[in-house]
Every structure is written in C-alpha cells, then in structure tokens.
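One structure below.
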Amino acid sequence: MNTALQGWGIWLALAGACIGTYLCRAIGVLLSGKINQESEIFRWISAITYAMVAALTVRMIILPLGLLATVPVYLRIGLCLLSFAVMISSPQRRLVPALLTGTLLLMTYGLIV
C-alpha cells in the first residue's frame, strides 16, 4: 500500500474520532438543560458513579499495579487514613490539603527508599 495513503488513513481516523467525540459532547450539552437533577434516575446514576470511583480507588490501594505495588500495603493504607484525617479535620477547603498530604508523603517514601 502506498505510504501517502496510509498517512491519510491515520488523519481520517483521527478526524473521525474527533467528530464522534465532540458530537456526543454537543448532544450532551444540548440535553443537559432538560435534565432534572432532583429526579430519582439522576440520583441513581450519581450513586453508581460514586460507587465506581470508590471501588476503583480501593482496588488501586489494595491491589495496585505497576510501581505502586512496590509500596507496602500497610503504608498505602496508612497514607490513605492520614489523608482522610486531614480531609475531615478542616470544615472548608479539605480536598486539596488531603490530596497534597497523600501525594507528598508517597513521593517522600519513594525518594527515601
């Protein structure tokens, strides 16, 4: 096959992916004004979303892949508990200090060991 045609095929695939992605997003924006956020289906979808994020976070802490797997499990759980304590200690602006605590302590462990 001609290399010039292969180059065009890549660009066409990229354009198709962009159009598909942004078309779905545009439809979502158009329909978002018609969604009642207090409806039962919206609450159910929100609950499922939060449950999936929580499950993936726990899986990443308990059964990590890659470089995080080299950190002992007691240290990963301890850092999570410490970050959680930072998050519940302050009534306002809790998320950023908690994320910074966990990230910086884990990076410090990586630099020491």
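Taking the stretch 62-80 as the region of interest, how many residues are under 19 Å from the mean Cα position of the chain (by Cα) and over 14 Å from LEU105 (Cβ atoms)?
So the answer is 7.
Considering only the stretch 68-112, state which residues are touching a residue at least 12 places away in the same chain (Cβ under 8 Å) and outside any helix (DSSP H, G or I).
Result: VAL71, single match.
Within the group THR21, THR57, which residue is closer than 30 Å to LEU111 by Cβ and polar (S, T, N, Q)? Explain how you work it out, then say what you get.
Details: THR21 fails: closer than 30 Å to LEU111 by Cβ.
Only one candidate passes the filter, namely THR57.
Go through the stretch 69-113 and give me each residue that's over 22 Å from ARG59 (Cβ atoms) and polar (S, T, N, Q).
The answer is SER89, SER90, GLN92, THR108.
Between THR49, THR103, THR108, which is over 16 Å from the mean Cα position of the chain (by Cα), modelled with pLDDT of 90 or more and not hydrophobic (A, V, I, L, M, F, W, C)? Working first, answer last.
Details: THR49 fails: over 16 Å from the mean Cα position of the chain (by Cα); THR103 fails: over 16 Å from the mean Cα position of the chain (by Cα).
Only one candidate qualifies: THR108.
Yes/no per residue for (1) under 25 Å from GLY102 (Cβ atoms); (2) in a helix (DSSP H, G or I); (3) in contact with a strand residue (DSSP E or B) (Cβ under 8 Å, 6 or more places away or on another chain):
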position: ILE10; (1), (2), (3): no, yes, no
position: ALA15; (1), (2), (3): no, yes, no
position: ILE27; (1), (2), (3): no, yes, no
position: GLU38; (1), (2), (3): no, no, no
position: PHE42; (1), (2), (3): no, yes, no
position: ILE45; (1), (2), (3): no, yes, no
position: ARG59; (1), (2), (3): yes, yes, no
position: PRO64; (1), (2), (3): yes, no, no
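The values are calculated or read from the model by the stated rules, or taken from the named source; none is laboratory data. The structure presented is a predicted model; accordingly, all values stated were derived computationally and were not measured. Cβ sites come from the backbone with ideal geometry, for glycine too, and all protein chains shown count toward neighbours.
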